[in-house]
Amino acid sequence: MDNDLDQLAEVMIDLGMVVEDVVHTGPAWDGIVVAEILDLRPHPEADRIQLVDVDAGDGQPLQVCCGAFNMKRGDLVPLATVGTTMPGGLEIGRRKLRGEWSNGMLCSPAELELTGDADGIMILDPGLAVGRPLAEALGADGDVLFDLDIEANRPDALSVAGVARDVAARLGVPFTLPSPKFPEAEQSVDALAAVDIEAPDLCPRFGVRVLHNVTIGESPSWMAARLVAAGMRPINSIVDISNYVMLELGQPNHTYDLELVPDGRLGVRMGRDGETLVTLDDVERTITATDGVIVDAEDRPIGLAGVMGGASTEISESTTSVLLEAAVWDRMTVARTSRRLGLRSEASTRFERGVDPHGIELALDRFVELAVDICGATVASGRIVAEGNLEPPRTVRVRTDRVNSLLNLELTTSEIADLLDPIGFTTRPVRMNGSETDPTPALADALDVIIPTWRPDSAIEVDVIEEIGRHHGYDKSGRRVPTPTQVGRLSPTQIARRRIRRALLGDGFSEAMPLPFLAPDDLANCGLEPNGLTLSNPLVAEESVLRTSLLPGLLKAVVRNQSHRNGPVRLYELGRVYEPADAELPHEHEMVAACASGFGPGRPSNGGSEAASTAAYAAVRSLYRLGAELGLRGLTISNQERPGLHPTRAATVRFRGQVIGEVGEIDPRVLDRYDIDGRVAWLQLELAPLVEVVNTPARYKQISLYPSSDIDLAFVTPDDVPATAVATTLSKTGGPLLQSVELFDVFRSPQLGRNQRSLAYRLRFQAPDRTLTDEDVAELRQSCIDAVASAHGAELR
Amino acid sequence: MIDQITRQADEAAAAVESAATLADLQQVESDQLGRSAPLTLSKRQLGSIPVENRKEAGRALNEARRRVESMLEDRRRTLADAERASRLVAERLDLTEVPPAVEAGHAHIVTQAWEELEDVFVGMGYEVAEGPEVETDWHNFDALNIPAGHPARDEFDTIYVNHGKAGSTLLRTHTSPVQIRAMQQSEPPIYIVAPGRVFRRDTADATHMPVFHQIEGLVIDKGISLADLAGTIEVFTERYFGPGFSSRLRPNHFPFTEPSAEFDIQRPDGSWLELGGCGMVHPDVLRAGGVNPEQWSGFAFGFGIDRLALMKFGVDDLRELFTNDVRFLRQF
């Protein structure tokens, strides 16, 4: 059995229905049996409990205490025997109630999780065998529930019949829909009801039948059990039949108390702004012109088309005549109304996805058959089916070679027809060249396929090809691997990203991934222009602005780590920022940023040996390290204020003259706003300008065979002359013989004077073709000294 | 003469033995075997002794020299060993004093998974394509066969950006718009994957984030079939997850593919993992990208990167990926 179930589940999965769960419904009633009431008598000590003797199958009276009084001698009731664990978890033991023994518990439908009714004991159909397990007696034992996840394109599978049609086709077993049989009264429905469709686009088809002499009561237990299994609550026999038919056939339907519908007349039209309707859930709804409504003879709305019926015509316990409706509605209209009112029902879900407009007759008749059987109803003869604008069934040309090429199969046209026919796709073999309109199947190279009306999703050739593949089995298509003629590779940008990551990781930065959403004041708090794009529908205000810089996100990451006492952190991010632009899309560009926390505020005497302890200097070192790793020859920085950065500890980064970013430390005022302790080093660069050079291999330069000569020059330089400016002057003056300029010492002392420092450079000269003479070097030395003196007013120390 | 040689050799031997350092020994060598050493002087005397004794004395002299040289070598080795031993003691370091905490950078696990996926597909001959994160409504929906009003739009929980006409600009809800951009930018054949960041209006919980990452694949070529899709997924599965992992396709529904499928990965223990969606590119999507569906066919697939990262490293809460807490980042 379980093996068969597994196979059946596999078939369903293979057909595209996800089996979420397979539930056996029987076992929850273990220990509960059918018992007969033998005797009832008052409890001597308690008014609200009576003593009941039951026969649990052995013919012996068994005393049970019971708090309900709805049963009489001879009734059959469910008895939970001693030792039973109830579906709700309660364990039944032998116990004494005010001095009287109770050997089990009589169960209400609620206790069996059948209905919400907890007031009375469930009275079972007479004729059940006393002592039989309840599940078995009700035919509910061994019921297996497949909980399926149905995709939006398969409204037909939102019913037992639809799933069965699919499964039967795959298993090659016959599939038949119910064919309801019942006697009809002489009186014609036309004398009792009428339907008028004023809005033909809203309602393609609308059918009614009329039932009389309806006795509304509880549903038979088999039906109640099935509804519960399907996740619905049994209410009364008419409502239950309505739901049952919907679950079985997929056609939602609605019942009116005929007495409350003047002349039995129903109309269908679009709503009018300002109209109101109290729906079945007793909520007053305001109707708009985009809703479809059902109106009575006086043009008053009595139902929201496809979504929910009205309270005024609701059937009640006293209803005896029922006007039964089965209709189909425009999908978009139902979707709009249901979304606007936040009202999702089993019916609206089905209508939104598409209900078979030709399923109405069967649904009406099936309802009647059940109502005749269960409620003793009589039915007026005939149906009224009004039609609005009904789309004719679609016909799609399906080419056999197209099927085979898309699915990698070698099916013949007739094999394709054999796959489609069982699921209701009617086929007619044709020839593509049109030479024969009705060829013998063997000559056909295509099919004209009539799409069944219950498959609104299927509209074009590939849709039918999917059905063919699905029913033939996707696995039958086999596997092969297409071989591209191109060579797989990363783009230059992707390569640059990886190189940058590698460099930053090597410099001790870990990768952060802040969300790109900011709070409205984040940009301003970071000292940046608050011009970020805003989101139309942010989840929360704190995430309502798109970042224009990586700064706020990384600062928040620093805050997070500080609050968890994680010590100084080094973090980087490679991510996109977005800026308003007068174009189809905002200006989106990628940046890389690195930050390091935990520095002191001190001003070191130089940027050399003490650099590691100062945020701004550390940032510059990381910049140069990154530049070296990426081979960025031509990277320069110049002291300059940058938004969000410490005004006197910031620099603009240029690459080959183009501004590509910034380096320095975060403005202490910004740090204060985020309660960040210590100073934070900061580096942010655009990715795009780096891509080309990262992907350009370095050019080999001949290494000279001749010795090099070093000269050291120390200049007393004003503080406002950048050290790089002096180096640049030296580089230019040194000419092609200069191999390198290295700032190896920075020195401040009172002797040098206020706002002055000594910058010591080591210059290495080398010629490719000769050994430099002392005269050569002396000449170069003097011209360097002269150049620095004239350009920067710096004197040799 | 023989006696003199023997005596000189004995004295030399004693001097070698008494040398306490390598420096001493060098002095001893020069004293005993050098230019003015007694043995050297004795050798010079050889010419002046009688011929009949000369041969014997010569032999004795050579023997003595060899003896002293050999002792010197032994002594040198002994002293070198001793000096090395004492230097080693003096230089002893406890290497375990070095604290194990080293500030090395750690790549984010999403990036690790992302790059690994890129590498697998590059190895299969794919190029890696990209597209904007802020997208047009048309690229994200219409071009993918999800026109305005289509119920599927609701399922995406789209975040819209105030830019241009209301509702025209959004944060892409999937990487699929890159399919359209790739088709617009180049003629088929197309073999691309497109990893990227995507956005949904989801409240953060253990399995949802408003920001996450997907990778999309698109192949457009002549005669591409469902078999090419299934085979590609299978090869990817083996290469990314490793031997013993396999895949299956089962029918599903997406507006942008037809036929559509979900693909599952089977682990070596037999259990299944639902990984992503895929299918044959819908003719309307091909047309939106400017590709003639009668000439070309293709497949597409897509799945989440973050979940692969979580599984690989045993992380059970998606939110961890975005805390930027170094206690998390440093673990990987």
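Where only DSSP H runs of four or more residues are counted, the protein assembly as shown gives -9500 deg cm²/dmol as its mean residue ellipticity at 222 nm, each run worth -39500 (n - 2.57). Inverting the pair-averaged 1/r between distinct Cα atoms of region A:92-186 gives 18.4 Å as its Kirkwood hydrodynamic radius. Here the Karplus relation 6.51 cos²θ - 1.76 cosθ + 1.60, evaluated at θ = phi - 60°, turns the backbone of region B:38-44 into coupling constants of x, 5, 5, 5, 4, 5, 5 Hz, with x for every Gly and Pro.
The phi-based Karplus calculation (6.51 cos²θ - 1.76 cosθ + 1.60; θ = phi - 60°) puts the 3J(HN,Hα) values of region B:153-167 at 4, 4, 6, 8, 6, 6, 9, 9, 10, 6, 7, x, 5, 4, x Hz, whole numbers, x for Gly and Pro.
Each distinct pair of alpha carbons in region A:1-63 adds a 1/r term; the inverse of their mean, the Kirkwood radius, is 16.0 Å.
Within straight-line reach of B:Lys55, meaning a Cα separation under 28 Å, sit the following lysines at least 8 residues removed in sequence or on another chain: B:Lys43. Considering every alpha-carbon pair of region B:2-91, the percent of pairs per 5 Å bin, from zero through the bin containing the longest distance, is 3, 15, 22, 20, 14, 10, 7, 5, 3, 2, 1, 0.
Relative to the globular-protein estimate of 2.2 N^0.38 Å, the Cα radius of gyration of region A:273-344 stands at 1.10. Summing Cβ point charges (Lys, Arg +1; Asp, Glu -1) relative to the Cα centre of region B:110-329 gives a dipole of roughly 200 debye.
Quick one: plug the Kirkwood hydrodynamic radius of region A:685-797 (C-alpha pairs) into Stokes-Einstein at 20 °C, 1.002 mPa s, and report D in µm²/s. Value of D from the Cα-based Kirkwood radius: 136 µm²/s. Per residue, the protein assembly as shown exposes 45 Å² of solvent-accessible protein surface, assessed with a 1.4 angstrom probe and all protein chains in place.
I want the local charge near B:Ala12. Using Cβ-Cβ distances under 11 Å, sum +1 for each Lys or Arg and -1 for each Asp or Glu among the other residues. It works out to a net charge of -3. Expressed in nm to one decimal, what extension gain is obtained for the pair A:Leu443 and A:Ala110 from 0.36 nm per residue of sequence separation less their Cα-Cα distance? 113.5 nm is the gain from fully extending A:Leu443 to A:Ala110.
Restricting the calculation to Cα atoms, region A:175-237 shows an Rg/Rh of 1.06 when the hydrodynamic-style radius is the Kirkwood one.
Over region A:326-379, the Kirkwood radius and the radius of gyration, each from Cα atoms, give a ratio Rg/Rh of 1.13.
With a 10 Å cut-off around each Cβ of B:220-228, the average count of Cβ atoms from other chains is 6. Protein heavy-atom surface of region B:2-91, 1.4 angstrom probe: 49% of the accessible area is carbon and sulfur, with nucleic acids and ligands not counted. Given a Förster distance of 60 angstrom, what is the FRET efficiency for B:Trp272 paired with A:Glu641, based on the Cβ-Cβ distance and rounded to 0.05? Calculated transfer efficiency: 0.55. Inter-chain neighbour count for A:9-18: the average number of beta-carbon atoms from partner chains within 10 Å of each residue's beta-carbon is 3. Per residue, the convex hull spanned by the Cα atoms of region A:345-496 measures out at 266 cubic angstrom.
Scanning residues 5 or more positions from A:Ser188 or on other chains, those with amide H under 5 Å from its amide H are A:Ser381, with H placed 1.01 Å from N in the peptide plane. The translational diffusion coefficient of region B:78-126, from Stokes-Einstein at 20 °C and 1.002 mPa s with a Kirkwood hydrodynamic radius over alpha carbon pairs, comes to 135 µm²/s.
Between A:Ser740 and A:Val160, the modelled labels are 8.6 nm apart [label points 7 Å from Cα along Cα→Cβ].
Across peptide A:483-492, the mean count of Cβ atoms from other chains lying within 10 Å of each residue's own Cβ comes to 6.
For chain B, the orientation-averaged shadow of the C-alpha convex hull comes to 33.6 nm² (one quarter of the hull surface). Taken along the Cα-to-beta-carbon direction at a fixed 7 Å, the label points for B:Arg67 and A:Glu45 span 12.4 nm. The GNM of chain B, with springs linking C-alpha atoms under 10 angstrom apart, assigns the highest mean-square fluctuation among B:Asn145, B:Asn62, B:Asn162 to B:Asn62. Taking amide H as placed 1.01 Å from N in the peptide plane, the amide H of A:Cys107 sits under 5 Å from that of A:Ala80, A:Met122, each at least 5 places away or on another chain.
With the simple spin-label model, which puts each label point 7 Å out from Cα in the Cβ direction, the A:His564 to B:Ser18 separation comes to 7.4 nm.
Computed over the alpha-carbon atoms, region A:1-127 gives an Rg to Rh ratio of 1.14, Rh here being the Kirkwood radius from the mean inverse distance. Residues of region B:112-139 whose accessible area (probe 1.4 Å, heavy atoms of protein chains only) drops by at least 50 Å² once all protein chains are present, relative to their chain alone: B:Glu115, B:Glu127, B:Glu130, B:Glu133, B:Val134.
Rounded to 0.05, the FRET efficiency of the B:Phe332 and A:Ser613 pair, given R0 = 22 Å and the Cβ-Cβ distance, is 0.15. Taking amide hydrogens as placed 1.01 Å from N in the peptide plane, the amide H of A:His587 sits under 5 Å from those of A:Glu579, A:Ala581, each at least 5 positions away in sequence or on another chain. Stokes-Einstein diffusion of the protein assembly as shown at 37 °C, 0.692 mPa s viscosity, Kirkwood radius from Cα pairs, rounded to a whole number: 86 µm²/s. Distance distribution P(r), region A:172-276, all Cα-Cα pairs, bin width 10 angstrom from 0: 11, 31, 36, 19, 3, 0 percent.
Based on the Cβ-Cβ distance from A:Trp222 to A:Gln60, what FRET efficiency comes out when R0 is 25 Å, to the nearest 0.05? Here the calculated transfer efficiency is 0.25.
Working note: Karplus 6.51/-1.76/1.60 with θ = phi - 60° gives region A:84-94 the couplings 6, 9, 5, x, x, x, 5, 9, 8, x, 7 Hz, where Gly and Pro are set to x. When accessible surface is computed with a 1.4 Å probe, chains B and A are found to bury approximately 7100 Å² between them, both chains counted. One way to sum up the overall shape of region B:222-332 is the equivalent ellipsoid from its Cα gyration tensor, whose semi-axes run 32, 18, 11 Å, largest first. The alpha carbons of region B:159-253 occupy a box of 45, 39, 23 Å along the principal axes, longest dimension given first. Listed by chain and number, the lysines whose alpha-carbon sits under 25 Å from that of A:Lys96, ignoring those within fewer than 8 places in the same chain, are A:Lys72.
The values are calculated or read from the model by the stated rules, or taken from the named source; none is laboratory data. Nothing here was measured: the structure is a model prediction, and the numbers come from that model. With ideal geometry, Cβ positions are generated from the backbone for all residues, glycine too; neighbour counts draw on all protein chains shown. Just so you know, the surface numbers come from the protein's heavy atoms only, side chains and all, with ligands and any DNA or RNA stripped out. Shrake-Rupley method; radii C 1.70, N 1.55, O 1.52, S 1.80 Å.
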